[in-house]
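Everything below concerns the one structure shown next.
The values are calculated or read from the model by the stated rules, or taken from the named source; none is laboratory data. If you're wondering where the values come from, they're calculated on a predicted model, not measured in any experiment. Ideal geometry is used to build each Cβ from the backbone, glycine not excepted, and the neighbour counts take in all protein chains shown.
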2 protein chains.
Amino acid sequence: MTSEQRRIQPRKQPRQVRAELTRQRILAAAAHIFAEYGYAAGTTNRIAEQARVSIGSLYQYYPNKDAILAELLTRHLDGDRATETLRAHKDRPDPLEQIVRVFVHTVIDNHLDDPELLRIMIEQAPRSAELLERITRLEWEMVGDLRDLLNRHPEVRVHDKDTAARLVASTVELTVHQLVASPGSIDLTRLENELVAMVTGYLRADR
Amino acid sequence: MTSEQRRIQPRKQPRQVRAELTRQRILAAAAHIFAEYGYAAGTTNRIAEQARVSIGSLYQYYPNKDAILAELLTRHLDGDRATETLRAHKDRPDPLEQIVRVFVHTVIDNHLDDPELLRIMIEQAPRSAELLERITRLEWEMVGDLRDLLNRHPEVRVHDKDTAARLVASTVELTVHQLVASPGSIDLTRLENELVAMVTGYLRADR
DNA sequence: GTCTATACATAGATAGAC
DNA sequence: GTCTATCTATGTATAGAC
């Protein structure tokens, strides 16, 4: 490469690529800081420091602190595959236990990434109307799909499908959420097995 | 009552009683404010205002903001009767379902007081080492008592008693916690029935 | 594009009068 | 014991130089 060429195309890193990289660095830093300090104590200064960017630069990429956490949350919500999993099994004659297992497994999977950050986001994220609405919608989608399943599947004997759907959704989501992050962490395979047994048994029991 | 007597005993409200009353007013106000605004936005100024006390007076009763929330949390923890309930049934030959029902019922009962405040306290309370230690101890106490029960009771067939105890404790505590406070609140009797059925079935199933 | 310096807001907490 | 006034700290966000 001659110096002649350098003069014509001096920048090796095109602007947009570099900028996107910085954005990602800030986001990663924010995930780390929020997970460690929580939302309130996870200050923009700390985030900037962790990302090795000045506070001024940080604000060039995000308009405010909430926007950072909102993007992290959006990312996670987009990665949630649990309801799709349920839908995929809707019209197939698989055994109930198998469907439940895939569902539980997917939920566990969604939580492995960064359980601490997840806790912070769910518990302390600023509940903007728009974000809250998205979360609620996703929750109800899951409950709805679950109820559909209960209504169709021949093995299901539980009477009150509506309450059952809510209970199962809460049970799986919450216990996974808690036990994955908890100290003295449970063995994940065991958690999956026991959860599947408990839920499947409940749905199949005739009372 | 003559004015002579009044001069000898002029105060109708002895100091300590009045002070205790003020303390309680501040605490009640704090409960209200925290439940409505959350921990961070539940400022000491707002609490003082709600209690109709000046901010200066508030600090005469509590050394700092955290101390107020800590006392609220302590109050709640002291009111937790779930583990005692379990112990009371330890050596009695009651049917498993009945024991589980009493346990679930107690947990629900503990959450009826002020679900919103409870959520705030559990999710956003400043995790001081001392407080965290108390909570963890209580949790493990509950898991321990549950495990004892599973080990003794003849109806219990689940193999991994340890995992089962943790799963049951989490399931009951968390689902109650969530569903009692959730909008479109579930019927509590139904919640109790379904939860009891799910847990009992799980514990009795031979796989 | 990135930095430093700083404005601005608000919270927790204290001092000192009454 | 209670108040008002105020201090101090800290965090978000912006301005302007380079």
Starting from the range B:14-34, take each residue that is closer than 11 Å to B:ALA48 by Cβ and hydroxyl-bearing (Ser, Thr, Tyr) and list its partners that are more than 16 Å from DNA strand C (Cβ to nearest atom) and in a helix (DSSP H, G or I), counting only C-beta distances under 7 angstrom and pairs at least six apart or across chains.
none
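Within the range A:93-185, which helices (runs of 4 or more DSSP H) (wholly inside it) include 3 or more residues that are surrounded by fewer than 18 Cβ atoms within 10 Å (Cβ to Cβ), out of contact with any Leu (no Cβ under 8 Å at 6 or more places or on another chain) and within 10 Å of another protein chain (Cβ to nearest Cβ)?
Qualifying helices (runs of 4 or more DSSP H): A:129-152.
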Checking the conditions here, which among B:ARG101, B:ARG25, B:ARG15 is more than 14 Å from DNA strand C (Cβ to nearest atom) and at pLDDT below 95?
B:ARG15
Taking the condition surrounded by fewer than 18 Cβ atoms within 10 Å (Cβ to Cβ), away from DNA strand C (no atom under 16 Å from the Cβ), assigned to a helix (DSSP H, G or I) and within 14 Å of chain A (Cβ to nearest Cβ), does B:GLU84 pass?
no
Expected output for the range A:124-142 (first residue hydrophobic (A, V, I, L, M, F, W, C), partner assigned to a loop (DSSP other than H, G, I, E, B), Cβ below 8 Å, 6+ apart or cross-chain) is A:LEU131/A:ALA125; A:LEU138/A:ASP80
Can you confirm whether A:LEU69 is away from DNA strand C (no atom under 16 Å from the Cβ), more than 22 Å from A:GLU123 (Cα to Cα) and modelled with pLDDT of 95 or more?
no
Considering only residues that are within 15 Å of DNA strand D (Cβ to nearest atom) and over 19 Å from A:ASN64 (Cβ atoms), which ones fall in the range A:14-31?
none
Condition first: away from DNA strand D (no atom under 12 Å from the Cβ), assigned to a helix (DSSP H, G or I) and surrounded by fewer than 18 Cβ atoms within 10 Å (Cβ to Cβ). Now tell me which residues in the range A:47-75 satisfy that.
A:GLU71, A:THR74, A:ARG75
Any idea which of (1) touching a residue at least 60 places away in the same chain (Cβ under 8 Å); (2) within 20 Å of the chain's Cα centre (by Cα); (3) within 11 Å of DNA strand D (Cβ to nearest atom) is the one A:ALA40 doesn't satisfy?
(2)
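Would you point out the residue of the range A:186-202, among those that are of a type in the set (A, V, I, L, M, F, W, C) and either outside the structural domain of A:ASN110 (by TED's automatic domain parsing) or under 28 Å from B:ILE135 (Cβ atoms) (or both), that is surrounded by the fewest Cβ atoms within 10 Å (Cβ to Cβ)? If you could, list the steps in order and put the result at the bottom.
First, the residues of the range A:186-202 that are of a type in the set (A, V, I, L, M, F, W, C): A:186, A:188, A:191, A:195-199.
Checking which are either outside the structural domain of A:ASN110 (by TED's automatic domain parsing) or under 28 Å from B:ILE135 (Cβ atoms) (or both) leaves us with A:186, A:188, A:191, A:195, A:198-199.
Details: A:ILE186: 20, A:LEU188: 16, A:LEU191: 21, A:LEU195: 27, A:MET198: 27, A:VAL199: 24.
Checked the range A:186-202; the qualifying residue surrounded by the fewest Cβ atoms within 10 Å (Cβ to Cβ) is A:LEU188.
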Pair list, Cβ < 9 Å and 6+ apart or interchain, from the range B:47-62 residues that are outside the structural domain of B:GLN24 (by TED's automatic domain parsing) and within 13 Å of B:ALA19 (Cβ to Cβ) to residues that are of a type in the set (Lys, Arg) and surrounded by 14 or more Cβ atoms within 10 Å (Cβ to Cβ)
none
Quick one: what pairs do we get from the range A:99-118, first residue in the same structural domain as A:GLU155 (by TED's automatic domain parsing), second modelled with pLDDT under 90 and in a helix (DSSP H, G or I), C-beta under 6 Å, 6+ apart or different chains?
A:PRO115/A:ALA181
If you scan the range A:42-63, which residues turn out to be within 13 Å of DNA strand C (Cβ to nearest atom) and either farther than 16 Å from A:GLN24 by Cβ or among the aromatic types (Phe, Trp, Tyr) (or both)?
A:THR43, A:THR44, A:ASN45, A:GLU49, A:SER54, A:ILE55, A:GLY56, A:TYR59, A:TYR61, A:TYR62
